[in-house]
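The values are calculated or read from the model by the stated rules, or taken from the named source; none is laboratory data. Just so we're clear, the structure is a prediction, and the values are computed from it rather than from any experiment. Cβ placement follows ideal geometry from the backbone for every residue including glycine, while neighbour counts extend to all protein chains displayed. Just so you know, the surface numbers come from the protein's heavy atoms only, side chains and all, with ligands and any DNA or RNA stripped out. Shrake-Rupley method; radii C 1.70, N 1.55, O 1.52, S 1.80 Å.
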Amino acid sequence: MNAFASIMEQNIREEKVPGKEIKMAKGKISTVFYCQNCGHESSKWMGQCPGCREWNSFVEETVSKTAGRGASGGASMRRDRAVPTALPEVEAGEEDRISTGIGELDRVLGGGIVQGSLTLVGGDPGIGKSTLLLQVCRNLSEEGHEVLYISGEESLAQIKMRADRIGEFTSRMLLLCETNLDGISEIIRSRKPETVVIDSIQTMYSESVAAAPGSVSQVRESTAVLLQLAKGLGVSVFIVGHVTKEGTVAGPRVLEHMVDTVLYFEGDRHASYRILRGVKNRFGSTNEIGVFEMREQGLAEVENASEYMLSGRPENASGSVAVCTMEGTRPLLVEIQALVCHSNFGIPRRQTTGTDINRVNLLMAVLEKRSGIQLASCDAYVNITGGLKIQEPAVDLGVVIAVLSSFRNAVLSPKLIAFGEVGLSGEVRAVSMAKQRVAEAQRLGFDTCILPYVCAQECRKGSGMKIVGVKTVQDVIEEIFP
């Protein structure tokens, strides 16, 4: 009996247990569980991540302990060489920016590419990430800058086919098809190009990490190596990142924290327009957007985005109104459409495109409570044309006017524009940058603007439009639908 127990105990010790170290011929290897959302590390699998509270996000990966000791040793050597500097002694000057040759991209980046910056570009498949970066490489190479385009997904012939569609390239545009990050690092150190494009980070791998390309460990290690190259050599690096079905960059969330700038491509890939949005920028403002149109020769800038978004407005149709929203420092005019009809079912249907459905339900409840308009038995459909997704409260007044117009089947003037936030008491509250919104509307030919009463006095100065200030939604009804 004792012999049988000893044999069983030995088998249990030799059995592989997740999170435990295993001795192999080449050194110590351990299996660790990583959260794909935030990068939290655990020795065992868990249903919910304790860091980001995401469910079913842990994946098992094999990690080399030898590489980890080498990395930590190198870090300790760097810490020994570092010397603290007094803050008043630090010389701060303007960053040397390089223009990309694309005005909309320069706007989102804050004026151009900063030397030694690390930029992450994400978006849906086929949205135009590689096309935009290839156009940037073409413009930079024509200005005399050496550019290295590294692709882990396409061959040289495939990149050449796409480049021929964009235009002619100079000899300062270099191509490399490689996924081994160690070899890529050697080439960057030897050639020292001014700009490097990595397409994409999910295909890169480092031999020091015993995990598959695209895993949490590989993405994090690859980004750390590129970050050291960018800061150490002063090379501007662009990283293309795949996105998940939720629309976020695939891999650990720490990837977005490591880079200097995060850009997202938005829009329906079947439509002609594209929106490039900056959600993080250490060298400029955030929430700036650039509007592009996909053409046969690549992405073309849309300089007058408001006129582009309002093109094709219906004539003599109820439920349509123009509103002005702010995207960063840019006023953008869009059209809001609403369709309200009586429901044949016990529970009315509400559906929205481009805005929050809960916000629309709240605004309809305000109309019913504060103005006595019976909408409880009506289906309501609200759409922001152009495919934009707007969360700004300034479009509340436009949604209210569009719903009322469709409910009463009343056609509004095509030269009418509105903006303002609506509260639960039915009051119309002030919004920021009202004067810039009015100026943009006047530039596009609008003659009447309905806005919060507290902003009306300031907007009347120097404006040739008819400014109508309203305090409540009841004032809106009396002004538009007497």
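Conditions tested, residue by residue: (1) under 28 Å from ARG370 (Cα atoms); (2) within 29 Å of the chain's Cα centre (by Cα); (3) among the hydroxyl-bearing types (Ser, Thr, Tyr).
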residue	(1), (2), (3)
PRO414	yes, no, no
LYS435	no, yes, no
ILE450	yes, no, no
MET465	no, no, no
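Specify the residue that is nearest to LEU233 (Cα to Cα); the eligible residues are those in the stretch 76-91 that are open to solvent by less than 100 Å² (accessible area, probe 1.4 Å) and at pLDDT below 90.
Step one: of the stretch 76-91, the residues open to solvent by less than 100 Å² (accessible area, probe 1.4 Å) are 76, 82, 85-86, 90.
Okay, now just the ones that are also at pLDDT below 90, so 76, 82, 85, 90.
Working: SER76: 21, ALA82: 17, THR85: 21, VAL90: 20 Å.
By that ranking, first place goes to ALA82.
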Run LEU140 past the list (1) under 15 Å from THR195 (Cβ atoms); (2) in contact with a helix residue (DSSP H, G or I) (Cβ under 7 Å, 6 or more places away or on another chain); (3) crowded, with 23+ Cβ neighbours inside 10 Å and report the number of the one that doesn't hold. (2)
Does the stretch 114-129 contain any residue that is in a loop (DSSP other than H, G, I, E, B), open to solvent by 10 Å² or more (accessible area, probe 1.4 Å) and at pLDDT 90 or above? yes
With the checklist (1) assigned to a loop (DSSP other than H, G, I, E, B); (2) under 22 Å from ILE390 (Cβ atoms) in hand, flag the one item VAL291 doesn't pass. (1)
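Only one of these is under 27 Å from GLY267 (Cα atoms) and modelled with pLDDT of 95 or more: ILE384, ILE401, ILE390, ILE450. Name it. If you could, list the steps in order and put the result at the bottom.
Details: ILE384 fails: modelled with pLDDT of 95 or more; ILE390 fails: modelled with pLDDT of 95 or more; ILE450 fails: under 27 Å from GLY267 (Cα atoms).
Exactly one residue qualifies, and that residue is ILE401.
Quick check: anything in the stretch 319-327 touching a residue at least 24 places away in the same chain (Cβ under 8 Å) and farther than 28 Å from SER413 by Cβ?
Taking the stretch 319-327 as the starting set, the residues that turn out to be touching a residue at least 24 places away in the same chain (Cβ under 8 Å) are 319-327.
Filter once more, so that each one left must be farther than 28 Å from SER413 by Cβ: none.
No, because not a single residue in the stretch 319-327 is touching a residue at least 24 places away in the same chain (Cβ under 8 Å) and farther than 28 Å from SER413 by Cβ.
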Quick one: is ILE373 assigned to a loop (DSSP other than H, G, I, E, B) and either touching a residue at least 24 places away in the same chain (Cβ under 8 Å) or open to solvent by less than 60 Å² (accessible area, probe 1.4 Å) (or both)? yes
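Here is a check on your reading of the model: is ALA271 surrounded by 23 or more Cβ atoms within 10 Å (Cβ to Cβ), of a type in the set (Gly, Ala, Ser) and under 21 Å from the mean Cα position of the chain (by Cα)? Quick ask: steps written out before the conclusion?
Values: surrounded by 23 or more Cβ atoms within 10 Å (Cβ to Cβ): no; of a type in the set (Gly, Ala, Ser): yes; under 21 Å from the mean Cα position of the chain (by Cα): yes.
Answer is no for this residue.
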Which strands (runs of 3 or more DSSP E) sit wholly inside the stretch 410-477 and have at least 2 residues that are aliphatic (A, V, I, L, M) and either free of Cβ contacts under 8 Å to residues at least 60 places away in the same chain or exposed (fewer than 15 other Cβ atoms within 10 Å of the Cβ) (or both)? 448-452, 466-470
Here is a list: ILE384, ILE336, ILE401. Which entry is crowded, with 18+ Cβ neighbours inside 10 Å and more than 25 Å from the chain's Cα centre (by Cα)? ILE401
Within the set of pairs 6+ apart or on separate chains, which have a first residue in the stretch 218-244 that is within 16 Å of SER151 (Cα to Cα), a second that is of a type in the set (Phe, Trp, Tyr) and part of a strand (DSSP E or B), and C-beta atoms under 8 Å apart? SER222/TYR205
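Could you look through the stretch 296-317, keep only residues that are part of a strand (DSSP E or B) and touching a residue at least 12 places away in the same chain (Cβ under 8 Å), and pick out the one that is surrounded by the most Cβ atoms within 10 Å (Cβ to Cβ)? Please lay out each step first, then the result.
Step one: filter the stretch 296-317 for residues part of a strand (DSSP E or B), giving 298-301.
Within this subset, residues satisfying the condition of being touching a residue at least 12 places away in the same chain (Cβ under 8 Å) are 298-299, 301.
On the way: GLY298: 19, LEU299: 23, GLU301: 14.
For the stretch 296-317, the residue satisfying everything is LEU299.
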